[in-house]
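Rule-based calculations on the coordinates, nothing more; no lab input. Predicted, not measured: the structure shown is a model, and the values here were computed from it. Cβ: placed from backbone, ideal geometry, glycine included. Neighbour counts: every protein chain shown.
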Amino acid sequence: MIQLENVCKKLGTFELKDVSFTLPAGYICGIAGRNGAGKTTLLHLLSGLYQPDSGAVMIFDSRYDTQEKQIHDSLGVVLNEDLMMKHLNLEKNGDYFGTYYSGYQKEQLLSYLKQFGLEKNRKFGKLSKGEKLKYQFAFALSCNPKLLILDEPTANFDVEFRKDFLKLLQEFIADGQKSVVLATHLMEDIDRLADYLIYMEDGRSIFAGQMEDFREQYRIVSGEAYKIKLLDREDIIAMEQKKYGAKALVRHHGYQHYDTELTAVPPTVEEFMYFLSKTKTAERRNHEKVIH
């Protein structure tokens, strides 16, 4: 469904570098990483708002430079930008933008608006941030896309709707023919929902694969610091020492056994990000020492 090969994109001082991955149909893909890691840039490349400087972006076995209209017809996009007409009401926005999508069903849009608690006669420009994202989501679903691309939507949803939203995503991919790509800073959503993970760090994809593989390749090891330090040094990505013990993010090998006084469990995406941030802090301090 999605294939990226060595994609690079420079925007000012930021650069997306050599990103490659393949996402099959039937998956919910979570894109994670700290602010400025490249999540939104990657989504803009997937949605056709940016073109790569080098490398290839393939959606449904097609490229934007040759089959842009065909790709867009099968995409549903929810971005933080206000892409709708502010002066039109919600029904009229659907009438206008729906003409660009062969799968658009007005009845579906009106049904989703009612389900989401949005009045069809309200002007888009009068909606709150969360309501605008709800509307974009309703419109995207009513176009019956094969691929949903979502940028940080849940951060602006109330708790009750957030649950409904996550359930709708699971229903969307249930037939195994469609996929979702979701960028969010709410790591618990990725842990709960995603079965494919792309983790971005400084413009690079440092992990791209199924969540099962992610949970198999890494461990959070807890116990006495000296016992953790007995592990292969190259496998210890980052360690945090406290008064009553230590924790470390380590690379795990399938055959690996740990000291009986150590506990080793797969990391959450949030734990993975936390320990990676510690390595970045250490690198920055070492760099400052060299400078001074």
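A simple charge model with +1 on the Cβ of Lys and Arg, -1 on the Cβ of Asp and Glu and nothing else charged puts the dipole of the chain at about 840 debye relative to its Cα centre. With a threshold of 31 Å on the Cα-Cα distance, the over-threshold entries among Lys163/Lys229; Lys123/Lys167; Lys39/Lys229; Lys92/Lys178 are Lys163/Lys229; Lys39/Lys229. Where both bridge residues fall in the chain, DSSP classifies roughly 70% of the beta bridges as antiparallel. Among Tyr104, Tyr96, Tyr199, Tyr244, sorting on how many other beta-carbon atoms sit within 10 Å of each Cβ, with the fewest leading, yields Tyr244, Tyr96, Tyr104, Tyr199. Sequence-ordered 3J(HN,Hα) estimates for segment 87-97 from the Karplus curve with 6.51, -1.76 and 1.60 and θ = phi - 60° stand at 7, 9, 6, 5, 5, 5, 4, x, 4, 6, 6 Hz, glycine and proline given as x. Averaging Cα coordinates gives a centre for segment 234-256 and one for segment 13-92; these two points are 35 Å apart. Between the helical axis of 106-115 and the longest alpha-carbon principal axis of the chain there is an angle of about 60 degrees.
In what sequence do Glu107, Glu15 fall when counting other Cβ within 10 Å, fewest first?
Glu107, Glu15
In segment 39-104, one over the average inverse separation of all distinct C-alpha pairs is 13.4 Å, which is the Kirkwood hydrodynamic radius. Projecting each Cα onto the charge dipole of segment 215-290 (Lys/Arg +1, Asp/Glu -1 at the beta carbon, about the Cα centre), which of Met239, Tyr255, Pro267 comes out farthest on the positive side? It is Met239, whose Cα lies furthest towards the positive end.
In summary, segment 1-81 shows an alpha-carbon radius of gyration equal to 1.06 times the 2.2 N^0.38 Å reference for compact globular proteins.
Where the centre of each part is set by its Cα atoms, how far does segment 126-199 sit from segment 95-113, in angstrom? Cα centroid to Cα centroid, the span is 18 Å.
A Förster radius of 30 Å combined with the Cβ-Cβ distance from Glu119 to Leu83 puts the calculated FRET efficiency at roughly 0.90.
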